[in-house]
Amino acid sequence: FGDREQQQRSNRSAPSSEEARTMSPRSGELPVADDPDQARLQQLGYKQELKRGLTLLSNFAFSFSMISVLAGVATTYNTGLRYGGPASMTLGWLVVAAFNGCVALSMAEICSAYPTSGGLYYWSAKLAGKDWAPLASWVTGWFNIVGQWAATASVDFSLAQFVQVMVLLSTGGANGGGYLASKYVVLAIYFALLVVHGLINSLSIRWLSWFGNLGAFWNLAGVVVFTILIPSVAKDRASIDFVFTHSYSDNGVGIHSKVYTLAIGLLTSQFALLGYDTSAHMSEETKNADWSGPMGIVVSVGLSSVFGWVYLVAITSIVMDIPYLLDPGNDAGGNAIAQALYAAFRARFGSGAGGIVCLAIMAAAIFLCGTASVTSNSRMGYAFSRDGAMPFSRAWHRVNKQEVPFNVVWLSVSVAFVIALPANFNYTPVAVGGVLLLSLAAWVLHARFWFRGPVTNVADADDA
């Protein structure tokens, strides 16, 4: 669970943050950087290794692309529709958005004080107090990085399934002899997507910034277009009462409690409004990080909450026959959004091609979300291994000539692939319980004897 030798070496040789602030170049020891961002990072105990090339807009774009309401709603709409129906999504979104806003404001405040790639892992060490800092950062770090591996797996595997639905509809649909890919073909698509995302994240931050900006633009433009287009195309639209108050309880799995059903239905909103810690993980590559990072968090959550709700209402306005949309025997094989769009365009124009184009736009948003997910995941892995917390940490926190943590990028996509190998298995309870038990067991048996939380590496800068 960690690189013990690196932790001990760093604890012995590196000065404290206070010492790093006061050392003078004239003494032959550590100089304080002239650049404010680099100086602040040095005060927090780290030398500048990643290229600081992101602006406020670029930092925001990464979080906004990672949240990606187009991707979140498209990939979890079936869950919300089956558990609670329209009411659990349209009204539930407002509830989740309110709580998310509070979390985002709190995170932004902390990010401003501690703008490092470690994000939540580093913050927990600073806020837990001296006695509890090692344990808090250890558990938080493992939950954070495993959660991000799982998020990458979820996004890219959902995209592979989405591509399969598009191919099915493009070749005639499930009732017209369309091609239904096997689970092995879907897995192959998933593997290809991960490889592409690994290649993109092996590029310099300048190119990654371009993908982040594209993702932000794509989501904003997509929401605007769909909000106008979808209700305009549909011949039949649901009533306002249906969109905001209708509750669907025939989930097919024997859950009869309305409260529990509505709670499960909130997963659509919760999944769509996550990932805004990306701004924090990108802070060591962002200019004016103590301002740009927090603003990236707050603005991405605020815009996603508003635009996502409008988009969700627009989609739900063409939902009429819920059992049919969820039926695996429909043209889209049970994908509710795909079936609703395909049917709406076919009813209006005699062809469902326009619906497939809409699905392609959503698929592009999911792809860009996956790109941002690997980016955020790799930066967290870089920071966590820099402090010696991961096995073979020396390999994972290395950066290449382009100042990119190349090794940990490919670690991220590799682990994501392994996570998705059981396709029909709900790994979330196992993952959450497993991480909790394994991290605590590793702490009790091993890590508590050497892991001290975030360590400084500024001493290495003078040696270099």
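With mean projected area of the Cα convex hull in nm² in mind, check (1) 25.9; (2) 21.7; (3) 23.8 and report the label derived from this structure.
(2)
Give me the accessible area of residue 241, 1.4 Å probe, in Å² rounded to the nearest 10.
Approximately 100 Å² of residue 241 is accessible to the 1.4 Å probe.
In nm, what is the difference between 0.36 nm times the number of residues separating residue 196 and residue 109 and their Cα-Cα distance?
Additional length available on full extension: 27.8 nm.
When averaged across all projection directions, what area in nm² does the alpha-carbon convex hull of region 46-100 cover?
6.0 nm²
Could the peptides 43-50, 348-355 be put in order, highest first, of the mean number of other beta-carbon atoms found within 10 Å of their residues?
Final packing ranking: 43-50, 348-355.
Among the listed pairs 183/258; 126/401; 130/401; 287/401; 126/287, which are separated by more than 26 Å between their Cα atoms?
In this structure, 183/258; 126/401; 130/401 exceed 26 Å between Cα atoms.
Can you name the helices of the chain, as whole DSSP H runs, whose Cα span along the helix axis is 15 Å or more and whose Kyte-Doolittle mean is not below 0.0?
Once both thresholds are applied, what remains is 56-67, 69-82, 85-113, 133-170, 183-200, 205-233, 289-316, 336-349, 353-386, 406-419, 428-445.
Taking all protein chains together and a probe of 1.4 Å, list 295, 390, 107 from the most accessible to the least accessible.
The ranking, largest first, comes out as 295, 107, 390.
Between region 251-305 and region 82-138, what is the C-alpha centre distance in whole Å?
That distance is 9 Å.
To the nearest 0.05, how large is the calculated FRET efficiency for residue 35 and residue 99 if R₀ is 45 Å and r is the Cβ-Cβ distance?
After rounding to 0.05, the efficiency reads 0.75.
For residue 253, what accessible area in Å² do you get when you roll a 1.4 Å probe over the heavy atoms of the protein chains, rounding to the nearest 10?
Solvent-accessible area, nearest 10 Å²: 90 Å².
Return the loop-located trypsin sites (Lys or Arg not before Pro) in region 379-414 (DSSP other than H, G, I, E, B) with at most 16 other Cβ atoms within 10 Å of their own Cβ; answer none if there are none.
Passing both the DSSP loop test and the Cβ count: 398, 401.
Please list, in order, the residues from region 138-176 whose amide nitrogen is less than 20 Å from a point placed 7 Å along the Cα→Cβ vector of residue 444.
Zone members listed by number: 138-143.
Would you grab the residues whose amide H sits under 5 Å from the one on residue 54? Only those 5+ places off in sequence or on another chain, please, with H modelled 1.01 Å from N.
286, 287
Ordering 146, 455 from largest to smallest accessible area (1.4 angstrom probe), what's the sequence?
If we order 146, 455 from most to least accessible, we get 146, 455.
Expressed in nm to one decimal, what extension gain is obtained for the pair residue 43 and residue 127 from 0.36 nm per residue of sequence separation less their Cα-Cα distance?
Once the chain is fully extended between residue 43 and residue 127, it gains 28.6 nm.
Grab the Cα-Cα distance for residue 291 and residue 240, subtract it from 0.36 nm times how many residues apart they are, and report the gain in nm with one decimal.
That works out to 14.3 nm of additional length.
Quick query: amide H of residue 273 versus all other amide H atoms, modeled in the peptide plane; which residues come in under 5 Å with a sequence gap of 5 or more or a different chain?
none
Rank these residues by their accessible area, most exposed first, probe 1.4 Å: 210, 149.
The most accessible residue leads, giving 210, 149.
The values are calculated or read from the model by the stated rules, or taken from the named source; none is laboratory data. Every value quoted in this text rests on a predicted model; they were computed, and no experiment measured them. Neighbour counts run over all protein chains shown; Cβ positions are idealised from the backbone, glycine included. Heavy atoms of the whole protein, side chains included, go into the accessibility calculation; ligands, DNA and RNA do not. Shrake-Rupley method; radii C 1.70, N 1.55, O 1.52, S 1.80 Å.
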